[in-house]
Amino acid sequence: GRVLESVEALGKNLILRFEGRLVLRSHLRMSGRWWVQPLSTPLRGTPWLVLRGRERQAVQWNGPVLELVSPARLRLGPDVLARDPSFDRMLENLRRADPGRALGDALLDQRLVAGIGNMWRAEALWARRISPWRSLRDVTDEELRAVLEETARMMRVALETGRQSKQATGRSGRPCRRCGTLIRSRGQGDDNRIAYWCPTCQT
């Protein structure tokens, strides 16, 4: 086996660096879990990955993304949950993307901004009254920055308090809490992630 030299969290990505410049990327999405437990703990079922040390083992279950990557190919955007988020770099990355790309789709691209998930995309866009279907070329720098800052704020509050307030996510067909229009939902982007939005107050 190889020695695990470092573990780094970048957004929702866990980057594990082993001796010999071996890099493993783990992304749990909604179903994956990591457990750290005593080495003697019996394993039930089929874990995706087991890392064993002298006294403990780290076990990953149901991780939808687990891949070996070269350091040169490990291109992730700035972490939206960093202590001092680099909003300027995030904005630069989004401006380098295809200007015809929908904002909601671009926000989930971990190469542009690391850490934004489907729920936080929907909630930040709802809070800032911006449609996920608006193209990047039609969003001002001020609007982009406001969405990024709102996302970071919401995620930080949820992390510190354990509370999440859902205004759009999972509310398709129910009245918008701001204007009363029915919330809509539809798959977006190559991964067909479900976007939630109010067609009246998000433009």
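Taken together, the values in this text are just the output of simple stated rules run on the coordinates, not laboratory data. Model, not experiment: these values are computed from the prediction. Glycine gets a Cβ as well: all are built from the backbone with ideal geometry, and neighbour counts include every protein chain shown.
Structural remarks
- For the Cα trace of region 87-197, dividing Rg by the Kirkwood Rh returns an Rg/Rh value of 0.95.
- One quarter of the convex hull surface built on the alpha carbon atoms of the chain amounts to 13.2 nm², the projected area averaged over directions.
- Rounded to the nearest 10 degrees, the inclination of helix 141-161 to the longest alpha-carbon principal axis of the chain is 50 degrees.
- About the Cα centre, charge dipole magnitude for the chain (Lys/Arg +1, Asp/Glu -1 at Cβ), debye: 600
- Cα centroid separation - region 112-166 against region 15-68, whole Å: 30
- Cα lying deepest toward the dipole's positive end in region 1-66, options H27, Q37, N62, charges on Cβ: N62
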